Amino acid sequence: MLQFYLRLHGLALSWVGSGRIIFSLNYSDEDFGEVARRFVDAAREMQADGWWSPAIGQSNRGIRRTVLKEALRHRF
């Protein structure tokens with residue numbers, strides 16, 4: 001999903017292959033700063049949309065329960 005958020009912020013990753021973040025190192029300091037800013041903005045927007053919830057007190061059992069509840073809520 002991060003790839004879609006990055007695209008919204010003007011950073012297009014390759015849609016082919018493993019999805020690793022590989023890009024040219026031929027950037028000026030200003031250009032790299034702009035890429036970093038957009039990356040952080042995309043990640044913050046993704047977090048604000050609920051994709052990265054806090055993991056405080058989470059366990060495998062709690063995660064399974066949450067997924068089950070969400071599935072049942074959407075099903076019924």
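What follows is calculated from the coordinates using simple rules that are stated; it is not laboratory data. For clarity, every value in this text was computed on a predicted model and none was experimentally measured. Neighbour counts run over all protein chains shown; Cβ positions are idealised from the backbone, glycine included.
Values as computed for the structure displayed
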quantity	calculated
Cα-Cα separations in the stretch 2-75 greater than 19 Å, expressed as whole percent	55
Ordering of 25-36, 42-53 by burial proxy (mean other Cβ atoms within 10 Å per residue, highest first)	42-53, 25-36
222 nm mean residue ellipticity, helices alone, for the chain (DSSP H n ≥ 4; -39,500 (n - 2.57); rounded to 500)	-18500 deg cm²/dmol
Size of electric dipole in the chain: Cβ of Lys, Arg +1 and of Asp, Glu -1, about Cα centre, debye, nearest 20	820
Distance in nm between pseudo-label sites at Arg38 and Phe4 (7 Å out along the Cβ direction from Cα)	1.9
